[in-house]
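Here the structure comes first, spelled out in structure tokens, and everything after it is commentary.
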Amino acid sequence: MSPSAYTSSITAILSSSLLLPSVLMIACLLFLYLAYRLALRAFSSSASAAAATAPARKLPLPPGSMGWPYIGETFQLYSNSNPNIFFALKQKRYGSIFKTHILGCPCVMVSSPEAARLVLVTRAHLFKPTFPASKECMLGPQAIFFQQGEYHARLRRLVLRAFMPDGIRGFVPNIESVALCALRSWDGRMVNTFQEMKTYALNVALLSIFGKDEISYMEELKQCYYTLEKGYNSMPINLPGTLFHKAMKARKQLGQIVAKIISSRREKKVGDAGGLLRSFMEAKEALTEEQISDNIIGVIFAARDTTASVLTWIVKFLGENPAVLQAVTEEQEEIMNSKVVDEEEKSLSWADTKRMPMTSRVIQETMRVASILSFTFREAVQDVELEGYLIPKGWKVMPLFRNIHHSPDNFPNPEKFDPSRFEVSPKPNTFMPFGNGSHSCPGNELAKLEMLVLLHHLTTKYRWSVSGLQSGIQFGPFALPLNGLPMTFSRKI
Ligand code: HEM
């Protein structure tokens, strides 16, 4: 029975009076249909993997276990609230390259800096980015993450033009206004740190995309984005009423809003609003409206929760390490005092943010310890040999950033939060909070800038304390202090 035939039979049955038995029957049919699809997929993936491996039979597969048919080791991965425990245990048992089977896909996980570099940099052409189809259609199929080759290189040039230092240095005073406004709104109340950091990161992302002057449509755009976000991790069932369906509708509306902004810019011939949209609109080889909107939605997505998670961890680690907080505060107070002219505090400049080595080390160490992106995904486009093992075509390959960041070979006493370790550069390819290679993060300069600006005002003007005694970690999907770190912030004087 095809899915569409199945849907029409649902309608027919619901209109009859035998509602309950019919619903049970539907549930049974749905179960059988899903079981059939899963079995078919499991069979075809193992068959194609077997066919692909045929020419390179002599090489062994990496050590490891594949678990149960189809479900593989998915339950083991998720049985712990922290998936990093699974990765660490596997590495201890099998070494730095091992195979497993997660969510219906055979995978090879790699945790040596050399293997991660091969996958992401030197032999990156053999490993394509890969995402579940539902995520791809929600973010936009033409977004940068999913691309390779010429179109990817073209997009990357345009994105980097907007987010490299020359593209963002002019935004410092505007980012500062966003930071001050956020901090004022937290004063004297208990806040969910992560939620507040998300608001901050979203406002900075919109500023860096649409430029300083764009104010129309921003509220509408935010509302649509919130709906999209709610559906992002939901079951991909596109039926009216589901979160997924609402998210897809919101995605369409976001595209329409971006189209309206583009057309009003073209009419008014607004030249200098700055930001990513300008970079896209000025592209020599024009991008279509759809390509622009897919990439704008994608960048908001890439910029927001990542930066907000890191900022939340920084607040936590500074709170737990008074000596480090003291050192950061002193560094920031010195800058603040140098900015006071006629009893008035002048705006921060790009150059000021380059005089913050201690704060920068805190950011680096936080990104190492928290490793909010524990890993990334690629897919082998052909049979590949890696460290003497075969990776069959179609298998997923996951460089485990967190394992590399937490290896005592790369970072002695790795669980300790110690920003001073970054007084010396880490060994090559051992520190990759922004990834590596042609898909590494083009927003890293902006992320660092917005964190420095917020930390400048936070440490010089506010104190904070954890509300409640909860400690722990949650994943949503990025690693995060439990419950988003409820905190009370108050002004120092
Ligand atoms: C602390 C905050 C951030 C972290 C930790 C982070 C981390 C990463 C990582 C690890 C990747 C590579 C993923 C892979 O190789 O599969 C990546 C890609 C990306 N990031 Fe970030 N990111 C952050 C902030 C931002 C910001 C602020 C922006 C934009 C303004 C941004 C835009 C992007 C884009 C567009 C990509 C895809 C690049 C491509 O596929 O060529 N990120 N990010």
Could you list which residues have their amide H under 5 Å from that of Ile102, counting only those 5 or more apart in sequence or on another chain, with H placed in the peptide plane? Glu73, Cys107
Collect residues whose amide H, placed 1.01 Å from N in the peptide plane, falls under 5 Å from the amide H of Tyr462; neighbours closer than 5 in sequence don't count. Lys492
Sequence of Met281, Met235, Met356 once ranked by neighbouring C-beta atoms within 10 Å, starting from the fewest: Met235, Met281, Met356
Tensor-based shape of segment 415-493 (alpha-carbon gyration tensor, a/c under 1.5 rounded, otherwise prolate or oblate): prolate
Please find the FRET efficiency linking Tyr217 to Glu334, where r is the Cβ-Cβ separation and R0 is fixed at 35 Å, and quote it to the nearest 0.05. 0.30
For the chain, find the longest principal axis of its Cα atoms and tell me its angle to the long axis of helix 3-14, 0 to 90°, nearest 10. 90 degrees
Between rounded, prolate and oblate, where does segment 281-365 land on the alpha carbon gyration tensor, with a ≥ b ≥ c its root eigenvalues, rounded for a/c under 1.5, else prolate if a/b exceeds b/c? oblate
Burial ordering of Ser65, Ser465, Ser134, fewest other beta-carbon atoms within 10 Å first: Ser465, Ser65, Ser134
For the pairs Lys316/Lys427; Lys246/Lys416; Lys135/Lys198; Lys135/Lys492; Lys416/Lys461; Lys198/Lys249, flag any whose C-alpha to C-alpha distance is greater than 32 Å. Lys246/Lys416; Lys135/Lys492
Fewest first, what order do Met336, Met66 take by the number of other Cβ atoms within 10 Å? Met66, Met336
One quarter of the C-alpha convex hull surface, i.e. the mean projected area of the chain in nm², amounts to 27.6 nm²
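How long is the gain from Asn483 to Ser264 if the chain were fully straight, where each residue apart is worth 0.36 nm and the alpha carbon distance is subtracted?
Full extension from Asn483 to Ser264 adds 74.7 nm.
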For segment 169-257, take N as its residue count and report Rg(C-alpha) divided by 2.2 N^0.38 Å. 1.28
Please provide three numbers in whole Å: the alpha-carbon extents of segment 374-420 along the principal axes, with the largest listed first. 43, 20, 12
Helix 289-320 sits at what angle to the longest principal axis of the chain, using alpha carbons and giving 0 to 90 degrees rounded to 10? 60 degrees
Applying the gyration tensor rule to the Cα atoms of segment 210-348 (axes a ≥ b ≥ c; rounded if a/c under 1.5, else prolate if a/b exceeds b/c, else oblate), the class is oblate
Over the alpha carbons of segment 356-493, what is the largest minus smallest coordinate on each principal axis, giving the biggest first in Å? 63, 32, 30
20 Å reach of a label modelled at Ser471, 7 Å along Cα-to-Cβ, counting backbone N of segment 390-413: 406, 413
Chain lengthening between Leu239 and Ser349 when straightened (0.36 nm per residue, less Cα-Cα): 34.6 nm
Over 20 Å (Cα to Cα) - which of Lys230/Lys396; Lys99/Lys393; Lys222/Lys284 fall in this group: Lys230/Lys396; Lys222/Lys284
Taking every C-alpha to C-alpha distance in segment 73-198 and binning by 5 Å from 0, the per-bin percentages run 2, 7, 10, 11, 13, 14, 14, 13, 10, 5, 0
Tell me, what is a quarter of the convex hull surface for the C-alpha atoms of segment 156-199, in nm² with one decimal? 4.0 nm²
If I model a spin label at Cys137 and Thr122 as a point 7 Å from the Cα along the Cα→Cβ vector, what separation in nanometres do I get? 4.0 nm
For Gln253 and Ile71, FRET efficiency with R0 = 35 Å and r from the beta-carbon atoms, rounded to 0.05? 0.45
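Taken together, the values in this text are just the output of simple stated rules run on the coordinates, not laboratory data. Quick caveat: nothing in here was measured; it's all calculated off a predicted structure. Neighbour counts are summed over all protein chains in view; Cβ atoms, including those assigned to glycine, are modelled from backbone coordinates with ideal geometry.
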